[in-house]
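The values are calculated or read from the model by the stated rules, or taken from the named source; none is laboratory data. This is a predicted model, so every value here is computed, not measured. All Cβ positions, even for glycine, are placed from backbone atoms using ideal geometry, and neighbour counts span all protein chains on display.
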Amino acid sequence: MYIPIQYQNKDFEEIREFIQENSFAILINQVDAQSWASHIPLELILEKDGSYKLVGHLARANPQWRSFKDRPEVLVIFNGPHSYISSSWYKKEEVPTWNYIAVHIYGSIRILTESELHNSLVRLVDKYERDSVYPVSVTGFSKKTMRQIKGVVGFEIGVTKIQAAYKLSQGRAEDHDAIIDHLEEKSNSGSRDIAREMKKRRQR
């Protein structure tokens with residue numbers, strides 16, 4: 001994606017945390033010469049050699065996975081908070097804009113074996129059940145329930161390129177206080193989250 005230099009984020013640790021917190025992603029590739037996208041949770045995994053991969057699964061009925069072998073190159077988009085920025089908040093006349101955080105990951109995909117898929121489902125469920133009052137676990141499911149695993153296809157994506165856009169009113173330092181104040185007055189969580197991100201960078 002196009003990212004002006006001032007909005008590029010090269011801090012991989014911050015990007016990793018962002019992916020962990022915004023792991024419901026969009027997986028995009030080509031299916032029968034058409035763009036295809038699925039909205040799914042993906043987990044970022046650190047390999048022993050220091051490389052990273054994304055792991056997830058699709059419904060077997062979803063035709064997207066059938067193109068992975070012939071067209072392994074895919075794009076994954078992780079969306080974060082975003083908000084409209086009114087130029088009425090600026091000290092000088094200017095056009096309005098939009099602040100946002102987004103990460104694009106490119107990579108090569110492969111289908112998981114059944115045992116690899118099982119392990120990935122254990123990790124996924126355990127992660128999101130962590131704060132449940134009565135957590136469930138894949139390892140505790142009956143054989144009947146686990147037969148549903150036949151209905152999904154697991155995959156992993158070897159990460160080849162990461163692009164991170166953090167557009168947070170860089171270059172308008174004189175207006176940051178006003179922008180943050182107005183964002184915090186908004187009722188939607190996206191605006192307040194953008195205000196928090198702007199504050200975080202001002203404190204560095």
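Side notes on the structure shown:
- Qualifying positions in the stretch 48-88 - of a type in the set (D, E, K, R) and either touching a Phe, Trp or Tyr at 6+ places or on another chain (Cβ under 9 Å) or without any contact (Cβ under 8 Å) to a residue 24 or more places away in the chain (or both): 48, 49, 70, 73
- In summary, residue 118 fulfils each of the numbered conditions (1) at pLDDT below 95; (2) assigned to a strand (DSSP E or B) with the single exception of condition (2).
- Tallying residues that are surrounded by 13 or more Cβ atoms within 10 Å (Cβ to Cβ) and among the acidic types (Asp, Glu) within the stretch 26-65 yields 1.
- Output for the stretch 12-54, where each listed residue is assigned to a loop (DSSP other than H, G, I, E, B) and either modelled with pLDDT of 95 or more or closer than 18 Å to residue 193 by Cβ (or both): 22, 23, 42
- Verdict on residue 23 being hydroxyl-bearing (Ser, Thr, Tyr), more than 14 Å from residue 155 (Cβ to Cβ) and either touching a His at 6+ places or on another chain (Cβ under 8 Å) or exposed (fewer than 14 other Cβ atoms within 10 Å of the Cβ) (or both): no
- Residue count for the stretch 155-190 under the criterion of being small (Gly, Ala, Ser), within 27 Å of residue 77 (Cβ to Cβ) and over 18 Å from the mean Cα position of the chain (by Cα): the result is 3.
- Scoring residue 135 on the criteria (1) surrounded by fewer than 16 Cβ atoms within 10 Å (Cβ to Cβ); (2) out of contact with any helix residue (DSSP H, G or I) (no Cβ under 6 Å at 6 or more places or on another chain); (3) at pLDDT below 95 leaves a single failure, condition (2).
- Selection status of residue 83, modelled with pLDDT under 95 and touching a Gly at 6+ places or on another chain (Cβ under 8 Å): no
- Test: residue 99 is of a type in the set (S, T, N, Q), touching a Leu at 6+ places or on another chain (Cβ under 9 Å) and within 22 Å of residue 69 (Cβ to Cβ): no
- Residue in the stretch 101-113 that is assigned to a helix (DSSP H, G or I) and either surrounded by 18 or more Cβ atoms within 10 Å (Cβ to Cβ) or modelled with pLDDT under 95 (or both) present: no
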